[in-house]
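Quick notes on the structure that follows.
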Amino acid sequence: MHGNLRILALKLAAFVFAAGCLVSVTWALGIVMGPKPRFVGSPPRTHAVQRNDLDLDGDHADFLEHFVKAYRPSGYFDPNPGLIATPLVHHLQGWDVYADGICVRGVIKTLNIEPTDGDINFDVDLDDETMRYSWRRTHPEDEGVRRRILVEIDDPIRPNFPILPDLAIGDLVKVCGRWVYDRSHDHNEVHPARWVEILQEAVEPP
């Protein structure tokens, strides 16, 4: 009798595990393959010639990379394909969302396309008024010293930003978006960006 109950319990556990895996994978596939948000993310492009060397016409999308990123949560209890593993995944790889929408100003110091997933990444040295957004919470040593923040434009929403060919290192920009702490990289980010505007273009040397 006890043996039958044990077998039944094992079968039930196996069924729950298999069902959970199916839900998890289906959910993640839905995130990767589903429609992406469309919004006005920047002013229109103004230069006929691209001002940077980003390969904006190339196909940088890596399906597996996007699939794995679908499991990165924005909180310990974020509804997420990770299901019961979400708190552990968040602790290791997630984002702590400080605010859903902030705006910063500063000078672009780096500009690249992440080769694994096609995301546009650029570091911005913030001005004095917005440099506080680069300070990690619970890190008092950052205050007044740390100035740089990473801005990320995810590959699936790149079409919302026609200004991308105009961006160049040295440009003074205004960026708005979700303000987060990236737990896996130990720095603050604007991720995803929802607005990018050039306030002043970099002055080219004579």
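The values are calculated or read from the model by the stated rules, or taken from the named source; none is laboratory data. Everything numeric here is computed off the predicted structure, so don't read it as measured data. Neighbour counts run over all protein chains shown; Cβ positions are idealised from the backbone, glycine included.
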Taking only the stretch 168-192 into account, find how many residues are among the basic types (K, R) and in contact with a His (Cβ under 9 Å, 6 or more places away or on another chain).
2
Counting only residues in the stretch 22-54 that are among the aliphatic types (A, V, I, L, M) and in a loop (DSSP other than H, G, I, E, B), the one surrounded by the most Cβ atoms within 10 Å (Cβ to Cβ) is identified as L54
Before we move on, is A9 part of a helix (DSSP H, G or I), surrounded by 14 or more Cβ atoms within 10 Å (Cβ to Cβ), among the aliphatic types (A, V, I, L, M) and more than 20 Å from the chain's Cα centre (by Cα)?
no
With the requirement that a residue be under 16 Å from the mean Cα position of the chain (by Cα) and buried (at least 18 other Cβ atoms within 10 Å of the Cβ), what does the stretch 155-171 give you?
D155, P156, I157, R158, N160, F161
Restricting the stretch 95-135 to residues that are at pLDDT 95 or above and among the small types (G, A, S), the residue that is farthest from G41 (Cα to Cα)
S134
Do we find a residue being among the aromatic types (F, W, Y), surrounded by 14 or more Cβ atoms within 10 Å (Cβ to Cβ) and closer than 22 Å to Y133 by Cβ anywhere in the stretch 86-96?
yes
If I ask for residues that are out of contact with any Lys or Arg (no Cβ under 6 Å at 6 or more places or on another chain) and of a type in the set (D, E, K, R), which ones from the stretch 111-130 would you list?
E114, D117, D119, D128, E129
Kindly check whether there is at least one residue in the stretch 12-30 that is among the polar types (S, T, N, Q), touching a residue at least 24 places away in the same chain (Cβ under 8 Å) and more than 18 Å from P73 (Cβ to Cβ).
no
Please identify the pairs in which a residue from the stretch 156-170 that is closer than 13 Å to E197 by Cβ has its Cβ atom under 7 Å from the Cβ atom of a residue that is polar (S, T, N, Q) and surrounded by fewer than 16 Cβ atoms within 10 Å (Cβ to Cβ), counting only partners at least 6 apart or on another chain.
D166/T46
I'd like to check something: does the stretch 97-119 contain any residue that is in a helix (DSSP H, G or I), among the small types (G, A, S) and surrounded by fewer than 13 Cβ atoms within 10 Å (Cβ to Cβ)?
no
Of everything in the stretch 136-154 that's under 18 Å from W179 (Cβ atoms) and out of contact with any Phe, Trp or Tyr (no Cβ under 8 Å at 6 or more places or on another chain), which residue is surrounded by the fewest Cβ atoms within 10 Å (Cβ to Cβ)?
T138
Kindly check whether there is at least one residue in the stretch 123-138 that is among the polar types (S, T, N, Q) and on the phi > 0 side of the Ramachandran plot.
yes
Looking at Y133, is it farther than 30 Å from N52 by Cα, surrounded by 15 or more Cβ atoms within 10 Å (Cβ to Cβ) and of a type in the set (F, W, Y)?
no
If I ask for residues that are touching a helix residue (DSSP H, G or I) at 6+ places or on another chain (Cβ under 7 Å) and either assigned to a loop (DSSP other than H, G, I, E, B) or closer than 16 Å to V196 by Cβ (or both), which ones from the stretch 55-74 would you list?
L56, H60, A61, A70, Y71, R72, P73
